[in-house]
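Right, one structure below, let's go through it.
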Amino acid sequence: MSQEHIGTIVSIVPSPIWIIVNMIICHSPSQYVDGIRGPILVNDPLSPYAGQIDGELVVTLSDWYHEQGASLQVYYLSLPGNPNALEPIPMSALMNDQLWPTFSVLPNKTYFVRVLNIAGYAQFYFHIDGHNMTIIQADGVYTDPQQVQDLYLATGQRYGVLLHTLPTANQNYAILGAMDIAGFPRSAPPPANPNVTGVLVYDPFLSIPSTPVVQQFSTFDDFCLNPFDKIPLLYPPNKEIVLNLSTFSQTVPLNEQNRGGFNNITYITQRVPSLYTALSGGLYALNPIVYGNHSNPFVLSLGDFVETTIYNYDTGLHPIHTHGHTVQLVARTGSECNYRSIPMRRDTWMEPRWNSSDPNHPSTVVRFIADNPGIWFFHCHMEWHLVAGMDIILVEDPLQIQTGQPDIPLSMKLICLEQGIPLMGNAAGNWINFLDLTGEVNVAPMECGSDYPPC
């Protein structure tokens, strides 16, 4: 028996937003890489650039696997079968979920191009032959115009750019989406088709261009973008969170796994969803203990100026994504735009890579105001790292959550009851004594997905 849940989204954020459905279907992990994902386009009538736009184009970049996400997840997490914790490598790149998509344009026009990396694992370079682009938006935050030759998009990142077409329609031009193969494990085989080509079509009767060869991409440091609204640096922070990002092993006999996490804690789904714990906990909802140790919770008060510092103790790439907020990009190791008086904001940013021979660990620093009550996920946006536990939760003003959402929608109750998920209590399901965590989940099960044979 299946259940339906209908949600209502009231958006005050300009386009584009996109939703990863697998993050709310917790019983079926890794469905994201199977294609349950897609853009939600929010048209903003008050856009400061609205008067400059003649048309719109949407471009998604993604990676394609020849196996289902459930089986790939089991391979990645299984320590005996994958002792080096090598992430599954995609077979090919796709643009708008296809090869050689076409995008029709007219000469001497300005197009708003929404470019989204909806890949599960790959970072992408984006290039349009014979054209520059002007960034005006990053993850829904308007920017001052910034002309660039190419874009670099980490998984989960979105850009809005203006594309000024040429004055004559005497040629069609190639659009290139190229995986950043330098970000893949060096010992892993490269993708069979790491590049995907689209066509900017000025005239359908002219020839289709070949895939361009770009010797070196020219990208722009997103920490150096300038927000259009000029919101100043939040200062001073009164709540500091320090996160050490790393990978490690779960060595439980017969359940050895490759895991990841922050501060040596791997995220594990608890018996009671954290939102339900907050709703049913009364004043106990202010105590992070009730959400379970492996929820890796951080409780925030309304109005906190939060500074989060993430140190990378892993040699891989890690795009960090937070729900519920766009954060100020305050500092990143290697950036020339640290601690600016007016920092850029976005909700997904790249953690700098660590060189294992360097005793110093690179970091990023971000800030935000805790002004959006809710239970917010904060995680690495690479799907394999997310399912391995590289996540925390931000429990923001839980008493206001209780006031603003006094009950759970009936459709959600039915979905949970069908799966045996309690609707109240602490992480372990204890509701008489919220401080009794007997029965909380401290060992990660091998989650295989709903369509995968039992582990």
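No value in this document is a laboratory result; all are computed from the given coordinates. None of the values given here were measured: they were computed from a predicted structure. Backbone-built Cβ (ideal geometry, glycine too); neighbour counts: all protein chains shown.
Sequentially through the range 95-102, phi angles give Karplus couplings (6.51, -1.76, 1.60; θ = phi - 60°) of 10, 6, 6, 7, 9, 6, x, 10 Hz, Gly and Pro residues having no value and appearing as x. Evaluating 6.51 cos²θ - 1.76 cosθ + 1.60 at θ = phi - 60° for every residue in the range 202-215, the Karplus couplings come out as 7, 9, x, 8, 8, 5, 7, x, 7, 5, x, 9, 9, 5 Hz, glycine and proline recorded as x. Label separation (Asp221 vs Asn287): 4.6 nm, computed from points 7 Å beyond Cα along the C-beta direction. Sorting the segments 49-59, 425-435, 109-119 by their residues' average number of neighbouring beta-carbon atoms within 10 angstrom, most packed first, yields 109-119, 425-435, 49-59. Look at the dipole of the chain built from charges on Cβ: of Asn338, Ser218, Phe305, the Cα furthest out on the positive end belongs to Asn338. Computed over the chain, relative contact order equals 17 percent, with contacts defined as Cα pairs under 8 Å that lie 6+ residues apart. Of all DSSP bridge pairs formed entirely within the range 53-220, close to 75 percent run antiparallel.
Bridgeable aspartates and glutamates around Lys230 (alpha carbons under 14 Å apart, same-chain partners fewer than 8 residues away excluded): Asp144. Each of the peptides 128-136, 277-285 was scored by the mean count of other Cβ atoms within 10 Å over its residues; in descending order, highest first, they stand as 277-285, 128-136. Packing, taken as the mean count of other beta carbons within 10 Å per residue, orders the peptides 259-271, 305-317 from highest to lowest as 259-271, 305-317. Under the shape rule built on the C-alpha gyration tensor, where the axes satisfy a ≥ b ≥ c, the range 239-418 is oblate, since a/c reaches at least 1.5 while a/b does not exceed b/c.
In the chain, helical runs assigned H by DSSP with n ≥ 4 each contribute -39500 (n - 2.57); averaged across all residues and rounded to the nearest 500, the mean residue ellipticity at 222 nm is -2000 deg cm²/dmol. Between [x] 43; [y] 16; [z] 21, which entry matches percent of Cα pairs over 42 Å apart as derived from the coordinates of this structure? Only one listed value fits the structure, namely [y].
For the pair the range 56-120 / the range 186-202, the C-alpha centres are spaced 10 Å from each other. Close amide H contacts of Ile241 (hydrogens built in the peptide plane, cut-off under 5 Å, sequence separation of 5 or more or a different chain): Glu307, Thr308, Thr309.
A simple count of charges around Tyr75, restricted to other residues whose Cβ falls under 12 Å of its Cβ and scoring Lys, Arg +1 and Asp, Glu -1, yields -2.
Under unit Cβ charges (Lys, Arg +1; Asp, Glu -1), what dipole magnitude, rounded to 20 debye, does the range 350-455 have relative to its Cα centre?
Rounded to the nearest 20 debye, it is 80 debye.
Projected onto its three principal axes, the C-alpha set of the range 53-220 covers 59, 36, 28 Å, listed from the longest axis down.
Dipole magnitude for the range 254-373: about 140 debye, using +1 per Lys or Arg Cβ and -1 per Asp or Glu Cβ, origin at the Cα centre.
Using the crude model of +1 on Lys and Arg Cβ and -1 on Asp and Glu Cβ, and no other charge, please compute the dipole size for the chain relative to its Cα centre, in debye to 20.
Dipole size: approximately 260 debye.
Shown in residue order for the range 241-253 are the 3J(HN,Hα) couplings computed by the Karplus curve 6.51 cos²θ - 1.76 cosθ + 1.60 at θ = phi - 60°: 10, 10, 10, 9, 8, 7, 10, 7, 10, 9, 10, 6, x Hz (x for Gly and Pro).
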